[in-house]
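Shown next, in C-alpha cells, is the structure this report addresses.
FYI, it's all coordinate maths here, none of it is from the lab. Keep in mind that what you see is a predicted model, and the values were worked out from it rather than measured. Virtual Cβ from ideal backbone geometry, glycine too; neighbours counted across all protein chains shown.
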Amino acid sequence: MGIIQKQSIRSSIYIVIGFAIGAFNTLVLFPRFLTKTEFGTTRAMLDVSVTLFTLSSLGSIPVIYKFFPFYNHYLKGKKNDLPMVTGLACLLGFTIIAAFGFFFDDFIIRKLGKSPEFAAYFYTVYPFTFLLLAFTWLEAFAWGLKKTVLTNFLREAGVRILAGVLIVLYALHVISIKSFIHLFSLQYLLPVIILMVVLLRTGNWQFSFSQISTVTRRLKKRMLSFGLFIFGSQFLNILAKTNDSILILGLLGVAAMAPYAIAIYMVTIMEIPQRSMNAISVPVLAESWKNKDMANIEYIYKKSVANLLVIALGLYGLIILNIHNLTTFLGEGYSEVASIVLIAGAAKVLDLGTGINGTIIGTSNFWKFDFYTNVFYNIISIPLNFFLIKSFGIVGPAIAILISNTLYNGVRSVFLYSKFRLQPYSLKNGLALVIALTSYLVIYFVPRLDDIYLDGFIRCLLFILLFFIPAYFTKVAPDLNGIVENALRRFRRNS
C-alpha cells in the first residue's frame, strides 16, 4: 500500500490538473466559442472512437496487464515478444474496423440522419481511434513498468492541454472549424510519441519482429482465453458507458450532446482518485493474487472504500451545492444539466463507495465474472436508456445510470464476499455518510446570493468546514489523514 499511496498522490496531482484544464475547456471554452452542434460533434467523435478503439484492441490490452509480469520476469529486451504479439493483434483489429467503416459508409451516414453535422465529419473517428488505440497499448506496458504517473499525466492532462490550445486557436481565427475538428482527432499523436520514446529508453521494452518465445507458447491458450473473454467484457463495459451518448445522438440529435456532455463531465470529476488508485493498484493486485496474499488484497479493498467514499461524498457535495451557479453561468439551453448531475452524481457516489471491486475481480483467476457482470449491466442499461430517453429526454440516461450502477455494484460486492469473504465496510463508512448528509442539508438552506462567484465561494468554504474537518478528526479515511498530516509537518519544517 505504500507504493500505491505514494504514486497515487503524484498521479492524483496530475489528474487534478488535467481535470481542471478539462473543466475550463468543457465549461468555458467549448460552450463559449462553439455552437451546441459543434460542441456535440466533438463529444460524439470521442464516444464513437472510444467504442471503436475497444473493438480494435481484440482484447490484447488486458492481456498485457495480466501477463506482462511473467514476460518481464522470464524475458528481457528483444526476447520479450509480448509487444509484437499484442501490437499485431491491435493492428489487425483496427484494419477490420476501418474496412467495415469503408464498405458500410453509406449505411452509417443514413443512420446518423438526425445528426448530419456529425455525419459530415464521421471519417475523423478513424485517426482518433487509431491513435487512442496506440496510446492505450503503450500505456499498458508503461503501467507494468510502474510508469503510471507519466501515463496519467499524458492521458488526463496532456490531451486536455492540446484540446485547449486548439479551441483557443479557433477562437482567435487562426484555424477554421474544419481544421479544428481535424486536429482534434489527432490530439493523441504527441502523447503516443512521448510514451514510445520513454518506454524505449527504459531498456525493458522493445517492439521487434522475432520468433515466438517459449513463454508465449506456454501461455498462449490462457492468453487467448483470457483475451477473448476480457475483449467481450471490455466492449460491453465501454458500450455501457457510451450507449447513452450514441442513443442521444440517434434519438435527439448531436446538439443534445452538449448539455449532456457538460453534466457527465461534472460527474466524471469525482473519478479523479478512483482512476489514480486503479492505475496504481493493477500491478500490485496482480502480484498479490500471484502470491496468494489475501491479507494485502483485503487491506487494499478496505482502504479503497474508505478513501474513495469520503472523496466522492466531498466532491458530490461541492458540486451539488453549486449546481445552480453553474447553470446560471452556462446560460440558456443548459438548464437540464442540474438534474443530470444530481442523479448521475448519486450513482457515481455509489460506484466509488464500493471501492476497486472491479479491479480486484479483473486481476483474479475469476476474471470471467467481470465479463458476466458487464453482460448483466448492458442487458439492464441499454433498454433503460432507450425508453428513458424517449420519456425524459437527456435526463433519462442519468436515471438509467443510477438504476444500473446500483444493481451492477451490488452483484460484484456480493460475489467478492461469497467467494473470498471480502467485506470492506465498517461503522466509520456510515459515519462519513451522516457527516456528508448533515453538512449538505445545513448549507442547502443558506440563502443564495445574486453574485454566483461569491455564492459559490461561501458554499464551498462552509462545506469544507462542516464536512472535511469533521471527516479528518473522526478519521473516516485514514490515508487522507496521513496526507494532511504529512503536509502539515512539511509546512511546519518550512515555516
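Observations, loosely collected:
- In order along the range 317-332, the Karplus-derived 3J(HN,Hα) couplings, from 6.51 cos²θ - 1.76 cosθ + 1.60 at θ = phi - 60°, round to x, 4, 5, 5, 5, 10, 5, 5, 5, 5, 5, 5, 5, 6, x, 5 Hz, and Gly and Pro are given as x.
- Restricting the trypsin sites (Lys or Arg not before Pro) of the range 135-180 to loop positions (DSSP other than H, G, I, E, B) with no more than 14 neighbouring Cβ atoms within 10 Å leaves Lys146.
- Summing Cβ point charges (Lys, Arg +1; Asp, Glu -1) relative to the Cα centre of the range 2-425 gives a dipole of roughly 1460 debye.
- For the range 188-252, the fraction of C-alpha pairs farther apart than 17 angstrom is 70 percent.
- Across the range 348-363, computed HN-Hα scalar couplings (Karplus, 6.51 cos²θ - 1.76 cosθ + 1.60, θ = phi - 60°) run 5, 4, 4, 5, 5, x, 9, x, 9, 4, x, 5, 5, 5, x, 9 Hz from first to last residue, x flagging Gly and Pro.
- Along the axis of the charge dipole computed for the range 2-425 (Cβ charges of +1 for Lys and Arg, -1 for Asp and Glu, origin at the Cα centre), the listed residues Leu27, Phe135, Thr268 are led at the positive end by Phe135.
- Environment charge of Phe369, counting only residues whose C-beta is closer than 9 Å and scoring Lys/Arg +1, Asp/Glu -1: +2
- Given 10 as the ceiling on other Cβ atoms within 10 Å, longest exposed-site-free region of the chain for chymotrypsin sites (Phe, Trp or Tyr not before Pro) in DSSP loops: 210-444
- Trypsin sites (Lys or Arg not before Pro) lying in DSSP loop within the range 206-302, provided at most 10 other Cβ fall within 10 Å: Lys292
- The relative contact order of the range 394-482 comes to 26 percent, based on Cα pairs under 8 Å that sit 6 or more residues apart.
- Here the range 288-345 is treated with +1 on each Lys and Arg Cβ and -1 on each Asp and Glu Cβ, and its dipole about the Cα centre works out to around 420 debye.
- Counted charge near Ile443, where neighbours are those whose Cβ lies closer than 15 Å (Asp, Glu -1; Lys, Arg +1): +1
- For the chain, adding -39500 (n - 2.57) for each run of n ≥ 4 DSSP H residues and dividing by the number of residues yields -26000 deg cm²/dmol at 222 nm.
- Aspartates and glutamates whose Cα lies under 12 Å from that of Lys303, excluding same-chain neighbours fewer than 8 positions away: Asp479
- A convex hull fitted around the alpha carbon atoms of the chain yields 165 Å³ per residue.
- Charge dipole (the chain, unit charges on Cβ, about Cα centre) - positive-most of Pro283, Ala171, Val215: Val215
- Between Ala258, Asn296, Phe70, the Cα set farthest toward the positive side of the dipole of the range 2-425 (charges on each charged residue's Cβ, about the Cα centre) is that of Phe70.
- For the range 113-210, size of Cβ-based charge dipole, Lys and Arg +1, Asp and Glu -1, in debye: 140 debye
- Net charge, Gly59 excluded, C-beta distance under 15 Å - Lys, Arg +1, Asp, Glu -1: +4
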